[in-house]
Structure formats: C-alpha cells, structure tokens
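Working notes for the structure below.
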C-alpha cells in the first residue's frame, strides 16, 4: 500500500516546474553530478558532453511536487553557441567548478558574464564546488569561493559527485531556490496590483542591508517563523517574509526582504531600510558606510533608516560599543536598535518601530 501511495504521489501533476542549467568548464564534473542526482553510479571514465544533456528530478517540498528539468551543458568552446541558446528558458543557473582546478574557478567569471548577457531577468544563481573528496589536492579555498558567490549574489555549496557528499542536498536546495523565486514574483505582483478588496491600510517594503554573516537572514527567519539555526548558509539570491501588524489602530502589511546582492529596484521600492551589522565584527560595522553610499544613490530620499546591531548574545566578544553604533545612527539621521536573533531580543520591537514610524510619516 505504501509503495502504491508513493507511486501515485510521484505521478501527480507537478505544482511547479523549474528549468535548471549546469554550466562551467569541461572536466568539472557536471555530468557526474547529474548522473548521481538521477541515482546512477559514478562514471569512472570521462566522456565529454556533446552539446547538452538532460535529467529530470521530482522533489517533495512542503507538500508541493516540484519538477526540476536539469540540463548539463558542454563546457567546450566549440559548443558554446549551442549551449547559450538555452539560457533564456532557465530559471536557475548552477555554476560548477572543480575545487582542485583554479582555472575552472577563475573561468566562472566568463560563464557568469554569458548568463548576464543572454539569460532572462530574475534568474537565480548557485555556485557549486565539486570534487571535495580530493581535499588534499584543493587549490580553491572555501572562503575564496564563498566570497565570489556573495559577490555575484549567489549561494554556495560544496559537493562530491564521487562520494555523494551533499549531492542529496542539491535538488532540495534547488527546489527551495525555485520556490523562493516563484514566491518573490508573486509577492511583487501582489504589491504592484491595487485591488479594491485589500485587507490592510498600508503596505510597506522593508529591506535588510549589511555584510554577509552579520545575521540578516537570522533576523528575518526569527521574526517571520520564530526559528533560529546556528548553521550558516548564505542567502540564495532573495528571501522575504510577509507580516500583518496592527499599528496605531491601522492594519499594516509589511514585506521584509533580505538579498544576497541587492538589485537597484529593491532600493527604489523600499519604504524602510535596516542597516545591519554584527556587534562582534568591527569590519561589518565599518562597511555600513559603503552600503549607505549605495543606498543614497538608489533609494528614495523619504526612506526611513534604522541601524541595527545584531548578536547581543555575544556581548563578551563585542567589538563595536553601543555608543559607537548609536553615534553612527544619529550622524545619518537614523534610528538605532540592538538585537539578538538567537535570543529573540528586540526582534519584534525592531519591525514594530519601523512600521510605526512609517505610519506616522504617512
């Protein structure tokens, strides 16, 4: 009976279909990854992909059936014109390199440029370092690859097609990524449409800005889902939460956005921006200035600012004093708040105050 139910579930019409494209240099293991995702043995001999190859994968995500059509492209130069013709149909691009081959990593910039030149707007990116089973031959440090992924607004994952490390995580991650893309579009369409039946008085878009690792995602998840995880994984493109609040006898709908690399349009549409830093990292605090400069170039002059010092649960490791953080906030005409996503300290108060200030301004 169980097998029959599982078969029926597998055969169910997919709720979502996402097209995924693996790109990168030859010999990085793209074909091996696809074979392993499909449940096949690891191919011990190398056979170059001619043009493109396809695999299909079905993933169950929160009761939804997600179908992924995954395409493996040839990394050979002579097939590049054929390969790039498929770019406009893809939702997600996976940039694959070999952690033991520095050239394959450095060439990701060329592949990324091809994506920027030919892909449709609104795609998502994931950088994947393959062959971590050959750790003793590694030439690309984890931190270097992670920094590059953050630079282009991508997530980062390391895998081994040979020993299956993190391979089972990849389809699930891509499904989450695709759903995030789908939901973000839905929320954006909802916010752009003016309907007479809306059940709120105000709609505000709040943006979390700051360095990777300062805890923006943790703040978002703590407020949206009341959850916290000690495991760090970078934001995959864009994440968001929607909340309904009662503020000053008004119904307020807030969309809170956290982006790995913030598009200009997000700044332009934001009503409130939280500049987030880690109180245990002076570097994350100092870099708020560069985020502020970018914000000034693109955001509305009416945007409300709040400087947020996160991780007050790590008081013994503090590198930025309360007075220093507050002084910076006052110098730019912003509110100031210190929080702990881990201990759920001042998280609710932060967004309630931001929303209240916006209601008062309207």
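Numerical summary
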read-out: Test: residue in the range 254-269 that is loosely packed, with under 15 Cβ neighbours inside 10 Å, farther than 26 Å from residue 143 by Cα and at pLDDT 75 or above; value: yes
read-out: Total residues in the range 74-117, condition closer than 21 Å to residue 17 by Cα, outside any loop (DSSP other than H, G, I, E, B) and modelled with pLDDT under 85; value: 7
read-out: Residue, modelled with the highest pLDDT, within the range 1-24, restricted to residues that are surrounded by fewer than 21 Cβ atoms within 10 Å (Cβ to Cβ) and either within 16 Å of residue 93 (Cβ to Cβ) or in contact with a helix residue (DSSP H, G or I) (Cβ under 7 Å, 6 or more places away or on another chain) (or both); value: 19
read-out: Test: residue 253 is touching a residue at least 24 places away in the same chain (Cβ under 8 Å) and closer than 13 Å to residue 206 by Cβ; value: yes
read-out: Every residue from the range 148-170 that is out of contact with any helix residue (DSSP H, G or I) (no Cβ under 9 Å at 6 or more places or on another chain) and buried (at least 20 other Cβ atoms within 10 Å of the Cβ); value: 149
read-out: When residues of the range 44-64 are limited to those that are assigned to a loop (DSSP other than H, G, I, E, B) and either under 17 Å from residue 177 (Cβ atoms) or touching a helix residue (DSSP H, G or I) at 6+ places or on another chain (Cβ under 6 Å) (or both), the one modelled with the highest pLDDT; value: 62
read-out: Residue 90 being loosely packed, with under 14 Cβ neighbours inside 10 Å and closer than 26 Å to residue 67 by Cβ; value: no
read-out: Tally of residues being closer than 30 Å to residue 311 by Cβ and at pLDDT below 75 across the range 184-243; value: 15
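The values are calculated or read from the model by the stated rules, or taken from the named source; none is laboratory data. In this text, all values refer to a predicted model and were calculated from it rather than measured experimentally. So basically every Cβ, Gly included, is an ideal-geometry build from the backbone, and we count neighbours across all protein chains shown.
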